[in-house]
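What follows is calculated from the coordinates using simple rules that are stated; it is not laboratory data. Treat the numbers as computed from the prediction; the structure is a model and nothing was measured. Quick reminder, even Gly has a Cβ in these numbers, built from the backbone with ideal geometry, and neighbours come from all protein chains shown.
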Amino acid sequence: MEKEIDIKSLLEKLDEHEVRIQAIEGLLIEKKNATMKKGELNNVNYSGPKGGILLLIKKEYFESMRTAEDVKNELDKDGYHYQKRVIQTALNRLSNIKGPLVKFEENGKKVYAKRK
């Protein structure tokens, strides 16, 4: 009799855990779907140097190749005032394998364009 009770309580616990696992998996799937995919700019925060660059991407500024100096000048026009090295760091981070930008070297200078 005790074994039946133990088995029943174990089955109930398993059912409870299954419900909890499904809820957690559902949240993970939602989060995965909400994250920025390669080249997508949905639900973006446009604050800071990275945000300014993402805004320029949205405005299709990177349809042609741009240097960090070009980007700095354009950001200055939009009210984003940062040093060139800060902008360069943000550009490098946004031009990684999964980022929305691609980096080239042209005439000894790094240039950035939108990833196709």
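Under 20 Å of direct C-alpha separation, and excluding same-chain neighbours fewer than eight residues apart, Lys98 reaches these aspartates and glutamates: Glu30, Glu40, Glu60, Glu63. Between Ala23 and Val86, the contour length at 0.36 nm per residue exceeds the alpha carbon distance by 18.6 nm.
Which entries in Lys50/Lys72; Lys77/Lys109; Lys58/Lys103; Lys84/Lys109; Lys58/Lys114 show an alpha-carbon gap greater than 20 Å? In this structure, Lys77/Lys109 lie more than 20 Å apart at Cα. Projecting label points 7 angstrom from Cα along Cα→Cβ for Lys110 and Glu63 puts them 2.6 nm apart.
Note on Glu16 and Arg93: the extension gain reaches 23.4 nm, defined as 0.36 nm multiplied by sequence separation minus the Cα-Cα distance.
Length, then width, then depth: along the principal axes, the Cα atoms of the range 48-114 run 27, 23, 19 Å. Here's how it looks for Asp78: its modeled amide H is under 5 Å from none belonging to a residue 5 or more places away or on a different chain.
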